[in-house]
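A quick write-up on the structure given underneath.
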Amino acid sequence: MALGLGACSVLRAGPDPDRYFQHLDSVYGDAFAVAPGDVFSDSMTIIEITDGPMTITSVELIGSQGNATVLGYRLFKNHPINLPSSFPGFPATTEEDGVGAPDAIGATLAGPGPQDPTPDGRARTGDYTLVIGYRALDAGKYSRTGIRLTVESHGRSFSVVLHSFLELCVGDNVEPVLSDSLGQAGERTFECEPTKAASP
């Protein structure tokens with residue numbers, strides 16, 4: 001079971017690297033259940049570059065804690081098919097999941113090309129998708145509250161925080177359920193509860 005709040009955050013990087021990126025105010029992300037040992041990818045379209053180039057120098061997962069370990073980061077530009085918010089495996093092995101995407105750290109982000117968006121409605125030529133690979137550990141819970149990207153542009157370094165959460169319930173027959181309590185800055189939180197039997 002997966003619960004998603006919002007699909008993506010758009011960041012617009014202009015020619016002045018000191019100008020703070022503009023992005024959606026809403027918090028977005030996913031909550032879903034995985035079995036211990038599962039390898040999976042969490043993906044999000046995060047950037048619309050309006051002026052480049054800029055290079056990602058680090059990716060930091062904010063509030064990353066619990067029963068999963070990070071396997072790596074991939075960055076993929078102009079995917080012809082909208083990636084699902086999560087999918088099995090890492091790195092991708094199918095065309096639909098972005099096979100061949102390079103490591104995000106060290107990747108250079110260029111500006112938009114001549115077709116933005118493409119005539120058939122595919123991703124714009126300035127859009128990028130960040131894919132994070134995870135391996136679930138023992139039964140329990142994993143949480144992430146955000147992502148900080150640090151980039152270099154025109155000889156300057158700066159960073160931006162993506163308000164992208166991830167809540168995992170690791171185990172058999174468990175699912176995330178939206179909690180009545182609020183987290184930091186009023187963010188919604190999830191609890192891992194036994195899967196409810198389907199109604200006859």
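Taken together, the values in this text are just the output of simple stated rules run on the coordinates, not laboratory data. Model, not experiment: these values are computed from the prediction. Every residue, glycine as well, gets a Cβ built from its backbone with ideal geometry; the counts of neighbours run over all protein chains shown.
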Inset, instruction - Please order 97, 138 by the number of other Cβ within 10 Å, starting at the fewest. - result: 138, 97
Inset, instruction - Starting with the fewest neighbours, write out 99, 170 ranked by other beta-carbon atoms found within 10 Å of each beta-carbon. - result: 99, 170
Inset, instruction - Starting with the fewest neighbours, write out 132, 62 ranked by other beta-carbon atoms found within 10 Å of each beta-carbon. - result: 62, 132
Legend entry - 5 angstrom amide H check on residue 195, placed H, neighbours 5+ away: 174, 175
